[in-house]
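The values are calculated or read from the model by the stated rules, or taken from the named source; none is laboratory data. The structure displayed is predicted, hence computed values, not measured ones. Reconstructed Cβ throughout: ideal geometry from the backbone, glycine too, with neighbour counts over all protein chains shown.
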Amino acid sequence: MLRYSGAVAHADWIVHSDTEPGRLIAFGPAGFDAYGRLRFLRDPAYVGEPEGGTDPLDISPRMQLETLVRAVDALIPFTSSPNPGYFCVWDSGVPMTSPVPRGNARIEVPLRDSFLIEGPLAELGAWYDNLGLNPYDHPSFIWPADHAWCIAADVDPHWAGVGASAPAISRLLAVPGLDCVAADPAAPVARYD
């Protein structure tokens, strides 16, 4: 079962990363062999395209979670420690939908204060079941205990960044129906207006 965790030292590699904050929340900590962008929407077709111009427009939190679940399922074979896994959720300042205590799970991720969540990676699909989250609160970081890979899903982009080994990224690129492309964290990415 996923639960808030006071074992905040498991997030130190993110909290104390020397990676530039904007890059950190977009792709996770530096140092992986390869990177990808897991797209929730296709990239903009032209400069200035509004997000509402995509067809179909479905970037709902539930759709994002389904995409993240499929990506995590593909990445689990590339870790030796899928249980426990670790997750963050951004502290958006919006009240929780239920009185689930967050206790001492607060961590200070640069630009995105968050709460640490712990549980089996394979249970990501149960994200909304017992954490008292608002419907739009998707995981902002997902990683296994051995730091073999990291998914960073910030609140603003239409994609999530993934850092992993080259074989793990190759696997993500090959998952049918999963829109993932190779990425360079230093390269600019087109944004919707």
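Values as computed for the structure displayed
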{"read-out": "Strands (runs of 3 or more DSSP E) enclosed by region 112-193 - at least 1 residues per element that are in contact with a helix residue (DSSP H, G or I) (Cβ under 8 Å, 6 or more places away or on another chain) and over 16 Å from Phe27 (Cβ atoms)", "value": "112-119, 141-144"}
{"read-out": "Considering residues of region 143-182 that are more than 19 Å from Thr19 (Cβ to Cβ) and among the charged types (D, E, K, R) only, the residue surrounded by the most Cβ atoms within 10 Å (Cβ to Cβ)", "value": "Arg171"}
{"read-out": "When residues of region 141-175 are limited to those that are modelled with pLDDT under 95 and not hydrophobic (A, V, I, L, M, F, W, C), the one nearest to the chain's Cα centre (by Cα)", "value": "Asp154"}
{"read-out": "Residue count, region 12-33 (criterion: part of a loop (DSSP other than H, G, I, E, B) and closer than 17 Å to Trp149 by Cβ)", "value": "8"}
{"read-out": "Selection from region 7-42 of residues that are of a type outside the set (A, V, I, L, M, F, W, C) and either touching a helix residue (DSSP H, G or I) at 6+ places or on another chain (Cβ under 8 Å) or without any contact (Cβ under 8 Å) to a residue 60 or more places away in the chain (or both)", "value": "Asp12, His16, Ser17, Asp18, Thr19, Glu20, Gly28, Pro29, Asp33, Tyr35, Gly36"}
{"read-out": "Residue that is modelled with the lowest pLDDT, among those in region 39-85 that are surrounded by 16 or more Cβ atoms within 10 Å (Cβ to Cβ) and basic (Lys, Arg)", "value": "Arg39"}
{"read-out": "Counted residues, region 104-131 - those being surrounded by fewer than 17 Cβ atoms within 10 Å (Cβ to Cβ) and under 23 Å from Gly22 (Cα atoms)", "value": "5"}
{"read-out": "Selection within region 138-161 - acidic (Asp, Glu) and under 22 Å from Leu178 (Cβ atoms)", "value": "Asp154, Asp156"}
{"read-out": "Filter pass, Leu131 being of a type in the set (A, V, I, L, M) and modelled with pLDDT under 95", "value": "yes"}
{"read-out": "Failed criterion for Gly132 (all others in (1) small (Gly, Ala, Ser); (2) under 15 Å from Tyr4 (Cα atoms); (3) in contact (Cβ under 8 Å) with a residue 40 or more places away in the chain hold)", "value": "(3)"}
{"read-out": "Contacts under 8 angstrom Cβ, first residue in region 161-185 being at positive phi, partner surrounded by fewer than 22 Cβ atoms within 10 Å (Cβ to Cβ) and of a type in the set (Lys, Arg), 6 or more apart", "value": "Gly177/Arg70"}
{"read-out": "Extreme residue, nearest to the chain's Cα centre (by Cα), among residues of region 34-48 that are within 24 Å of Arg70 (Cα to Cα) and in a loop (DSSP other than H, G, I, E, B)", "value": "Phe40"}
